[in-house]
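One structure is given here, and the rest of the page talks about it.
The values are calculated or read from the model by the stated rules, or taken from the named source; none is laboratory data. What you see is a predicted model, and the numbers here were worked out from it, not measured in a lab. Cβ atoms come from the backbone with ideal geometry, glycine included; neighbour counts cover every protein chain shown.
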Amino acid sequence: MHTSHGKISQKVIHRDHRIMSPSYDRHSGFVYKRAKGCYIWDLDGHKYLDFAAGIAVMNAGHSNPEVIKAIKEQLKFGLHAVAL
């Protein structure tokens, strides 16, 4: 796993500071490209162990196949609706 932040991530973060509202706070020093299980990869391809496991994925992990299947099924009914 990589511990320093990549140049591509830093470029995006620098741009964000110039154009984004100061109310948007980036809690990490990298920009993630993808995540699976308990790992996140940044724009530069560095792999990180996600100790927080993202918002609302703490028990299932990122990109959990069962969760993805349930989301796809729910999309048939609407993104913000509850299937009865």
Picked from region 40-70 (must be buried (at least 16 other Cβ atoms within 10 Å of the Cβ) and not in a loop (DSSP other than H, G, I, E, B)), the residue modelled with the lowest pLDDT is His62
Please list, ordered by first then second residue, the pairs with beta carbon atoms under 6 Å, 6 or more apart or interchain, first in region 28-52 and without any contact (Cβ under 8 Å) to a residue 12 or more places away in the chain, second assigned to a strand (DSSP E or B) and surrounded by fewer than 16 Cβ atoms within 10 Å (Cβ to Cβ).
Trp41/Lys33; Trp41/Arg34; Trp41/Lys47
